[in-house]
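All remarks here apply to the structure that follows.
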Amino acid sequence: MATLVRVDDLRKEFGKVRALAGVSFNVEAGEWIAIMGPSGSGKTTLINILGGLDTPTSGQAIVDEVDVARLDESGLTRFRAQKIGFIFQQFHLVPYLTAVENVMLAQYFHSATDEKEAQLALERVGLADRIEHLPGALSGGEQQRVAVARALINHPKLILADEPTGNLDEANEETVIQLFRELHSEGHTILMVTHDPAIGNLADRRIEFAHGRLVKVTPSNDASRNAYR
Amino acid sequence: MFWRLLWKLLRGSGGRLAVAILALVSCAMVVSALLNLEFDIERKLTQEFRTLGANLLISPRNAQITGSSPAEVMIESEVSAAIQSVKDPNVMAAAPFLYVVGSAQNTAVVIAGTHLEELPKLEPAWRIEGEWKSSQAQQTACLVGRNVAQQLKLAVGSSVSLTYLKKNAQLKVAGIIDAGGAEDNQVFLELAEAQDLAGLPGQISFAQLSVSGTTTGISHYAARLAAALPAYEVKPIRQITEAEGDLLSRIRLLIVSMIVLISALTALCVLGTMAALAMERRQDVGLMKALGGSIGRIVTLFMAEVGVLGAAGGFIGAILGLELSRWMGQRVFGQAISSRWEIFPWTIILTVAIALAGALPLRLLGKVKPAIIFREQ
Ligand SMILES: Nc1ncnc2c1ncn2[C@@H]1O[C@H](COP(=O)(O)OP(=O)(O)OP(=O)(O)O)[C@@H](O)[C@H]1O
Ligand SMILES: [Mg+2]
């Protein structure tokens with residue numbers, strides 16, 4: 001398997017705060033990684049840097065042969081559009097756009113919109129009958145599924161999800177996690193921040209952070225995987 | 001998708017933008033009304049100024065009207081031929097004058113021969129008691145100035161006897177003129193009568209014209225007339241044309257400064273709304289950036305939104321403004337101001353520019369760091 005993500009001695013400081021204090025690890029294409037650790041340990045900071053939303057203070061973060069640290073503003077913009085699919089804890093759908101338009105927004109900034117394709121993506125996540133709904137008329141789980149459809153629409157190399165189930169109740173969490181399992185089985189590369197060890201166990205590996213450092217890497221086994229409900 | 005997004009943006013923040021739209025519409029309304037007025041003001045004002053009387057004088061070179069008879073005279077037929085030949089629709093009235101100093105009932109008076117029926121057109125401000133021209137043709141009519149009538153105790157219908165040198169003429173007072181000037185001391189009669197009385201057949205002292213139009217238009221006409229009358233002097237009566245030009249430029253200045261002021265105020269109003277909107281949209285912008293939207297595209301989207309607002313506001317405002325100027329014309333000049341449709345695009349362009357200037361805070365959205373936005377919740 002090819003290595004998709006290469007992180008080497010990555011550091012990020014916000015003034016005196018060391019959010020990342022020298023982190024190194026690799027992610028193979030098709031891997032599902034769970035990033036875990038206490039609050040403030042640097043998980044979101046890592047996701048932001050890998051997704052080109054933030055730049056590191058030093059070190060390398062190579063995604064699909066591109067060193068994110070070396071990209072300028074417009075390079076980062078292209079990088080985000082072409083290589084990354086984001087899924088946030090707060091969904092971040094545009095409230096005055098319908099479900100399908102929220103998906104099309106990602107198409108619009110990537111290249112050209114294709115409403116048919118956007119509709120298919122929503123059908124894929126089980127929202128065939130919610131296509132013209134505004135986010136306000138959708139449940140949290142439905143909103144997150146729209147966000148998943150949006151993250152996938154441009155066929156990104158890497159899916160970055162920051163606590164995607166953090167705002168969901170159990171039933172909704174389950175449908176969204178089921179989606180991630182499907183994405184994984186289809187071969188998508190996923191980096192997912194989660195506090196839930198049960199969800200972490202579904203991933204191929206768990207990477208644990210503390211105080212901006214990587215403290216533990218645990219490969220999951222089938223036993224733990226099957227333990228998830 | 002661009003237009004779809006634009007439409008959704010506009011709808012999504014409709015309430016917020018209502019204030020901005022209102023400001024833009026009223027701005028466009030006042031501006032288009034003022035522009036319409038500004039385009040029409042010259043024509044309207046010069047029409048108004050024609051009530052001030054003649055503004056063009058044809059006189060002999062080095063004319064002096066001293067002594068009992070004019071030192072130099074002009075040939076009536078030459079002057080009228082020239083006026084006929086240099087055609088101009090702006091000539092409102094033209095009248096030859098022959099002035100002599102004679103006496104009426106042993107009192108010295110200035111006797112002015114002219115075409116009596118031209119007088120009300122030439123001097124619309126003059127008031128008359130009686131008629132401009134006698135309806136009874138049997139007796140030769142004259143108009144007497146207010147002071148003359150008072151002095152000689154003349155009333156409409158009285159007879160008056162004019163004497164010049166040895167000659168004598170018996171006339172009937174058709175009207176008493178109140179001109180509020182030197183003319184109140186004069187007696188007006190038909191030119192032919194005066195020429196007969198003065199023994200100067202076919203001769204006149206000068207001619208006066210009332211020409212409407214701009215200051216430059218009047219000078220052009222004067223120049224053409226002068227070319228047709230090389231022997232005489234043709235010149236605008238300066239106080240009047242200068243007063244016109246002066247007032248016109250002052251009103252113009254007033255209009256322009258009002259437009260600037262209103263534009264600035266509107267831009268400020270839009271600025272306030274947009275600053276609030278920009279704050280509200282930080283999340284959306286952060287998201288668009290995360291989705292790979294470039295600063296340029298995102299800001300273009302918001303600017304286009306504001307541009308559409310400006311265009312819509314300008315369009316509605318321009319229509320209302322033309323109505324407003326029609327109404328103002330009615331009130332100020334007692335006459336409808338014709339709507340100038342060429343103002344339409346200018347008003348819209350100006351309103352769009354104002355809206356875009358007011359939308360400058362939206363540019364700050366370019367600085368939004370998505371990483372920070374997503375941390376805010
Ligand atoms: N923009 C910033 N300015 C200053 N400090 C920051 C900024 N962003 C993050 N930090 C700090 O960096 C550290 C790591 O933050 P980060 O958000 O990566 O933690 P996290 O692991 O995602 O925590 P959580 O589980 O609560 O989301 C924290 O101490 C945080 O306060
Ligand atoms: Mg976090």
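Worth pointing out:
- Those residues of the range B:283-305 for which accessible area with every protein chain present is at least 50 Å² below the isolated value (1.4 Å probe): B:Asp284, B:Leu287, B:Ala290, B:Leu291, B:Gly292, B:Arg297
- For the range A:122-169, a decrease in accessible area of 10 Å² or greater in the assembled protein chains relative to the isolated chain, with a 1.4 Å probe, applies to A:Arg150.
- Filtered GluC sites (Glu not before Pro), the range A:76-165: DSSP coil and at most 12 other beta carbons within 10 Å: A:Glu132
- In chain B, excluding the sites themselves, the longest stretch lacking any of the trypsin sites (Lys or Arg not before Pro) that are in a DSSP loop with at most 13 other Cβ atoms within 10 Å is B:167-377.
- Summed buried accessible area for B+A [probe radius 1.4 Å, Å², rounded to 100]: 2700
- When the surface is traced with a 1.4 Å probe over the full set of protein chains, B:Thr107 keeps roughly 40 Å² accessible.
- Between A:Ala112 and A:Glu73, the FRET efficiency from the beta-carbon distance, with R0 = 25 Å, is close to 0.60.
- Site pair B:Ile251 and B:Ala108 shows an inter-label distance of 4.3 nm when each label is modelled 7 Å from Cα along Cα→Cβ.
- Partner chain coverage, peptide B:337-349 - average Cβ within 10 angstrom: 0
- Shown for chain B: the carbon plus sulfur share of the solvent-accessible area, taken with all protein chains present and a 1.4 angstrom probe, equals 61%.
- Exposure of B:Phe344 as accessible area (Å², to 10), given a probe of 1.4 Å and all protein chains: 30
- Length gained when the stretch B:Ala275-B:Glu78 is fully extended (0.36 nm per residue, less Cα-Cα span): 63.6 nm
- Of every Cα-Cα pair in chain A, the percent that sits beyond 29 Å: 25
- For the range A:86-115, heavy-atom accessible area (probe 1.4 Å) falls by no less than 40 Å² from the chain alone to the full protein assembly at A:Phe88, A:Gln90, A:His92, A:Tyr96, A:Glu101, A:Leu105, A:Tyr108, A:Phe109.
- Take the range A:70-229 with all the other protein chains still there, run a 1.4 Å probe, and you get 41 Å² of accessible area per residue.
- Chain A - percent of accessible surface contributed by carbon and sulfur, probe 1.4 Å: 48
- Cβ-defined net charge surrounding A:Arg18, 11 Å radius [Lys, Arg +1; Asp, Glu -1]: +3
- A simple spin-label model places the labels of B:Met258 and B:Val101 5.0 nm from each other, with each point 7 Å out along Cα-to-Cβ.
- Shielding by partners - mean other protein chain Cβ count within 10 Å, residues of A:45-55: 3
- The C-alpha atoms of chain B define a longest principal axis, and helix B:14-49 lies at about 20 degrees to it.
- Each principal axis of the Cα cloud of the range B:243-326 was evaluated for its coordinate range; sorted largest first, these ranges are 66, 21, 20 Å.
- Using the Cβ-Cβ distance between B:Thr163 and B:Asn185 with R0 set to 25 Å, the FRET efficiency works out to roughly 0.90.
- Rounded to 10°, Cα long-axis angle of helix B:295-333 versus longest principal axis of chain B: 30
- Placed amide H near B:Met92: partners under 5 Å, 5+ positions off or other chain: B:Ser210, B:Val211, B:Ser212
- Of all the options A:Ala29, A:Ala203, A:Ala171, the one that moves most in a Gaussian network model of chain A with Cα springs shorter than 10 angstrom is A:Ala171.
- Within the protein assembly as shown, helix-based [θ] at 222 nm, where runs of 4 or more DSSP H residues each add -39,500 (n - 2.57), nearest 500: -15000 deg cm²/dmol
The values are calculated or read from the model by the stated rules, or taken from the named source; none is laboratory data. Just so we're clear, the structure is a prediction, and the values are computed from it rather than from any experiment. No Cβ is skipped: glycine too gets one built from the backbone with ideal geometry, and neighbour counts run over all protein chains shown. Note: accessible area is taken over every heavy atom of the protein model, side chains too, but ligands, DNA and RNA are not part of it. Shrake-Rupley method; radii C 1.70, N 1.55, O 1.52, S 1.80 Å.
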